[in-house]
Amino acid sequence: MIRMLRTAGVVLVRRWPALLAWLLAGILGRYLAIMLASFVAQWSTYLGALLVGLGALAKLLSFVAMFLVMRSELETLGALAPTPADPRRRRSFFLDAVMTATVPFLLFYEIWGYLDEDWIDYARRVTELWLGGAGGEDLPDISVLGASIPAIVTAVVAFGLRWAWARRRDRLPRWTQWPAVLCEVLWTYLFVLMLDDALAAVWNWIQTRVVFGWIGDLRSWLGEVAAPVAQVWTSLEEVGGDVIELVALPFAWITIAGVVYGVAIEAARRRRRRLRAIEAARRGWDRMPVVVRRGATGLWEELTERVVPMGKAFTLALRAGPVLVGAYVLCYSVTLLLEQLLRGGIIRVVGPHDLQTFWQVADTMLFVLIPLIVEPVRLAIVAGAYDTTLEHVVIERSSEREAQEAGADNGDVDVESERPGIGGHDIGDHEFEGRG
């Protein structure tokens with residue numbers, strides 16, 4: 001815990017101006033994106049809804065930049081993968097990190113309600129512009145995305161363009177990286193919205209099933225014949241959800257950090273017996289035309305390179321051990337408490353005022369101070385926990401190698417740090433390869 005806090009303190013002392021600048025850039029970018037989307041929605045609701053995703057892109061760029069700003073202050077990560085001195089390599093690494101982190105970040109952005117906040121602000125601004133006479137006669141309909149044919153077609157086209165760019169990136173100009181980032185964010189943004197609609201439909205279907213009604217009847221019956229049991233049930237529902245959120249949120253952030261830094265653990269390779277069905281499928285695959293195999297292989301790599309880094313980063317967090325994980329969750333919880341205390345403190349200092357004439361005008365300006373204080377501290381703790389976890393894994397790997405050299409019969413554990421899809425370095429040998 002001391003190592004984690006020391007690293008977080010060093011990061012804050014040395015990098016807080018840059019962290020603050022990137023955080024402000026993300027907040028401003030999100031605001032401008034929603035303003036642009038609201039203005040465009042007066043003439044094209046579909047295009048306006050697509051532009052709402054630029055708000056998430058602004059936050060993504062901001063957080064990735066903040067993590068990379070902290071990278072040079074992380075001792076273990078810096079020893080394994082020093083920050084490239086060449087500005088071109090740094091820019092290339094930044095864009096690669098953005099594209100790799102897009103899927104986990106947007107999933108996180110949706111699950112924790114940040115995307116809903118963007119849509120609420122977008123709907124409010126669209127209504128304000130329409131009431132001011134900026135649009136047509138009818139109020140624009142903002143619910144035009146989700147599981148719809150236009151959204152599916154747009155997502156498929158964006159994914160196809162991103163895939164085509166990945167296959168030809170070495171022969172394309174560098175400026176094409178930015179359109180590729182937009183395509184990556186666009187298809188992921190639409191996929192997240194469609195996934196949300198699908199899960200909502202499944203949940204609504206479950207609620208109409210007879211079994212769901214039986215569970216409600218059972219709970220009511222327990223409340224009548226065994227009130228303490230019903231109270232325990234209710235308490236577990238209330239406390240369990242809070243505990244899960246309290247633990248899942250810091251794990252989500254350290255997973256995103258792991259994806260951005262591209263450092264992961266590859267678990268021990270176990271030899272698995274091939275089943276006959278798999279062998280038959282392999283023989284059938286070998287008989288497929290070369291063009292089909294190349295296309296399918298490229299598509300499979302495009303899909304897996306978004307999932308594998310998340311799994312590796314999450315595995316790395318689990319390897320930290322209960323003490324470090326508990327300390328990290330505790331420190332992260334302190335930042336959540338600090339956020340609530342600052343919010344309550346601002347309200348008390350400002351005092352009671354009219355809702356419409358004061359709070360609806362000044363709330364954004366006042367409450368923006370909270371993330372400016374809390375977010376750099378929070379991300380510094382995440383980075384400190386990540387680097388401490390990485391150090392723990394390096395020490396563990398070194399101990400295993402020493403045991404192997406001494407004749408101990410231990411399994412190989414390959415710990416790799418890599419920029420997903422490009423290259424990596426082996427922690428044990430401290431060899432770095434790749435372009436960044």
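Key figures for this structure:
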quantity: Looking only at the range 114-154, and only at residues there that are at pLDDT below 85 and hydroxyl-bearing (S, T, Y), the one that is nearest to I27 (Cα to Cα); calculated: S143
quantity: L390 surrounded by fewer than 18 Cβ atoms within 10 Å (Cβ to Cβ), out of contact with any Phe, Trp or Tyr (no Cβ under 7 Å at 6 or more places or on another chain), modelled with pLDDT of 80 or more and among the hydrophobic types (A, V, I, L, M, F, W, C); calculated: no
quantity: Residues located in the range 331-360, provided they are assigned to a helix (DSSP H, G or I), small (G, A, S) and free of Cβ contacts under 8 Å to residues at least 24 places away in the same chain; calculated: G344, G345
quantity: Qualifying residue in the range 182-201 (condition: modelled with pLDDT of 70 or more and farther than 28 Å from A101 by Cβ); calculated: yes
quantity: Residue in the range 26-42 that is farthest from the chain's Cα centre (by Cα), counting only those that are more than 16 Å from T127 (Cβ to Cβ) and buried (at least 20 other Cβ atoms within 10 Å of the Cβ); calculated: A33
quantity: Count - residues of the range 69-101 that are closer than 15 Å to A257 by Cβ and under 15 Å from the mean Cα position of the chain (by Cα); calculated: 4
quantity: Answer residue from the range 121-137, given it is touching a residue at least 40 places away in the same chain (Cβ under 8 Å) and of a type in the set (A, V, I, L, M, F, W, C) and is surrounded by the fewest Cβ atoms within 10 Å (Cβ to Cβ) among those; calculated: A134
quantity: Helices (runs of 4 or more DSSP H) enclosed by the range 43-120 - at least 3 residues per element that are surrounded by fewer than 21 Cβ atoms within 10 Å (Cβ to Cβ) and not aliphatic (A, V, I, L, M); calculated: 87-111
quantity: Residues of the range 327-363 satisfying the condition of being among the hydroxyl-bearing types (S, T, Y) and modelled with pLDDT under 75; calculated: T357
quantity: Residue check, V157 under 19 Å from Y189 (Cα atoms), modelled with pLDDT under 85 and aliphatic (A, V, I, L, M); calculated: no
quantity: Any hit, the range 78-88, residues being among the acidic types (D, E) and closer than 30 Å to I395 by Cβ; calculated: no
quantity: Residues being within 18 Å of R71 (Cβ to Cβ) and touching a residue at least 60 places away in the same chain (Cβ under 8 Å) - total across the range 1-14; calculated: 9
quantity: W178 vs. criteria aromatic (F, W, Y) and within 24 Å of the chain's Cα centre (by Cα); calculated: yes
quantity: Residue match in the range 376-383 (condition: assigned to a helix (DSSP H, G or I), within 18 Å of P250 (Cβ to Cβ), in contact with a strand residue (DSSP E or B) (Cβ under 9 Å, 6 or more places away or on another chain) and not acidic (D, E)); calculated: no
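The values are calculated or read from the model by the stated rules, or taken from the named source; none is laboratory data. Nothing here was measured: the structure is a model prediction, and the numbers come from that model. Neighbour counts are summed over all protein chains in view; Cβ atoms, including those assigned to glycine, are modelled from backbone coordinates with ideal geometry.
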